[in-house]
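> Please see the structure below; I have some questions.
The values are calculated or read from the model by the stated rules, or taken from the named source; none is laboratory data. These numbers come from a predicted model, not from an experiment. In this analysis, Cβ positions are derived from the backbone assuming ideal geometry, glycine residues included, and neighbour counts consider all displayed protein chains. Heads up: the accessible areas ignore ligands, DNA and RNA and are worked out on the full protein's heavy atoms, side chains in. Shrake-Rupley method; radii C 1.70, N 1.55, O 1.52, S 1.80 Å.
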Amino acid sequence: MFLQGFTVSSSSLSLLQVGECGVVTSLRNVDSPTRHQLESSGIIAGAKITLTKRLPELAIQVGTNYLTLSDRIARSIQVRLS
């Protein structure tokens, strides 16, 4: 069990379960082209993401867009549960 008062400000998108939603807090350890591609797809700070599928790749919904992500990219997207 967690200790009383335990909070998490953010975690990796790859830790969400199917159906869970998170709000993007940051992108970590991504190169500039990958960052640009993610931001162009709507994955920016404050964006709401829903994990829709886990295998064979993670599938997410961001606004009206549906995307698939490699686990490496999903680990670089930090979210807080919403």
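> So what does residue 18 come to for accessible area, using a 1.4 Å probe and Å² rounded to 10?
Counting only protein heavy atoms, the figure is 80 Å².
> OK, next. What is the Rg over Rh value, at two decimals, for segment 25-69, using alpha-carbon atoms and the Kirkwood definition of Rh? Mind dumping the intermediate values first?
Values: Rg = 10.6 Å, Rh = 11.1 Å.
Dividing the radius of gyration by the Kirkwood radius yields 0.96.
> While we're here: What whole-number value in Å² describes the accessible area per residue of the chain for a 1.4 Å probe?
Values: 5400 Å² over 82 residues.
Heavy-atom SASA per residue in the chain reads 66 Å².
> Are there any chymotrypsin sites (Phe, Trp or Tyr not before Pro) in the chain that are in a DSSP loop and have at most 15 other Cβ atoms within 10 Å? List them by number.
Details: sites: 2, 6, 66; in loops: 2, 6.
Sparse-neighbourhood loop chymotrypsin sites (Phe, Trp or Tyr not before Pro): 2, 6.
> With r as the distance between the Cβ atoms of residue 30 and residue 81 and R0 = 30 Å, compute the FRET efficiency 1/(1 + (r/R0)^6) and round to 0.05.
Given R0 = 30 Å and the Cβ-Cβ separation, E is 0.90.
> Let me ask another. How big is the charge dipole of the chain about its Cα centre, in debye rounded to the nearest 20, if each Lys and Arg gets +1 on its Cβ and each Asp and Glu gets -1 on its Cβ?
Working: 8 positive and 5 negative charges, 16 e Å.
My answer is approximately 80 debye.
> I need two numbers for the chain: Rg to one decimal and Dmax as a whole number, Cα atoms only, in Å.
Rg and Dmax of the chain, Cα atoms, are 12.6, 41 Å.
> Can you give the helix-only mean residue ellipticity at 222 nm for the chain, where every DSSP H stretch with n ≥ 4 adds -39500 (n - 2.57) and the sum goes over all residues, rounded to the nearest 500 deg cm²/dmol?
-4500 deg cm²/dmol
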